[in-house]
Structure formats: structure tokens, C-alpha cells
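Chemist: Could you have a look at this structure, given as C-alpha cells, before my questions?
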Amino acid sequence: MKYAFLVLALLTLWTPRAWSEGPWHVNGHVFTNVNAMQKGREVTVSGRVSSGPMKNPLQIALYVSNDEGKTYRTSAVVRNFCGKGELFESKFTAWERARWWKVVAIESN
């Protein structure tokens with residue numbers, strides 16, 4: 001039992017790097033920590049954008065897919081983007097509850 005617990009603990013410490021999603025590189029911008037979560041019928045997509053050319057405003061189109069394969073599009077705007085790591089957030093309504101959401105594509109101007 002102790003051996004099994006030790007193996008499980010070592011695997012937990014070793015594997016998060018393999019399971020984490022890497023950064024998205026779009027038009028010179030780097031999107032990190034992008035995630036989607038649902039509370040009730042409202043789905044919130046958020047993350048951080050950095051690097052790339054300055055934009056006023058930076059317009060972001062986010063494509064999110066649910067566990068049934070249905071894809072939704074939502075947009076976020078970052079005003080006075082200077083490339084130093086800005087947070088963004090966008091919300092939309094989904095009529096059905098999903099077990100999980102996955103960001104499938106990101107576009108920016």
C-alpha cells in the first residue's frame with residue numbers, strides 16, 4: 001500500500017507538465033492560461049495575452065467546443081493593448097450544460 005501511494009505521488013509530481021496546455025501563438029501575440037468554464041448557462045472564456053504588436057483595441061475571436069462537439073464563437077476586446085500581458089474575458093450563453101469545454105481556435109486582428 002505504501003509503495004502504491006509513493007508511485008501515485010511521484011506520478012502526480014511528474015505528469016502535470018505533460019497535461020498542461022501550451023501557449024497559443026496568433027499573429028505575433030502569445031495567449032496563455034486560456035480556459036473556459038460554465039456556471040449555470042453562462043460560459044466564461046478568459047486568459048492572458050502578451051507580446052506582439054501594439055493594438056488599440058486588440059480584438060480576439062475565441063472558438064470553444066463542448067463535449068458534444070458543438071462549437072461556439074465569442075469575442076473579447078482589450079483596449080490599449082501594449083504587449084505587457086493583459087487579461088481578457090468573454091462570456092456567452094449555452095442552453096445546455098456541458099461536462100467540459102475546450103478552446104479549439106483563437107484569432108486576433
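The values are calculated or read from the model by the stated rules, or taken from the named source; none is laboratory data. Quick caveat, the model's predicted, so the values are computed rather than measured. Cβ placement follows ideal geometry from the backbone for every residue including glycine, while neighbour counts extend to all protein chains displayed. Remember, those area values only see protein heavy atoms, side chains included, never the ligands or the DNA or RNA. Shrake-Rupley method; radii C 1.70, N 1.55, O 1.52, S 1.80 Å.
Chemist: So how many residues does segment 12-55 have that are modelled with pLDDT under 90 and loosely packed, with under 10 Cβ neighbours inside 10 Å?
Modeler: Residues meeting the conditions: 9.
Chemist: Next up: Which count do you get for residues in segment 56-109 that are open to solvent by 60 Å² or more (accessible area, probe 1.4 Å), part of a strand (DSSP E or B), more than 16 Å from residue 39 (Cα to Cα) and of a type outside the set (A, V, I, L, M, F, W, C)?
Modeler: Residues flagged as open to solvent by 60 Å² or more (accessible area, probe 1.4 Å), part of a strand (DSSP E or B), more than 16 Å from residue 39 (Cα to Cα) and of a type outside the set (A, V, I, L, M, F, W, C) within segment 56-109 amount to 5.
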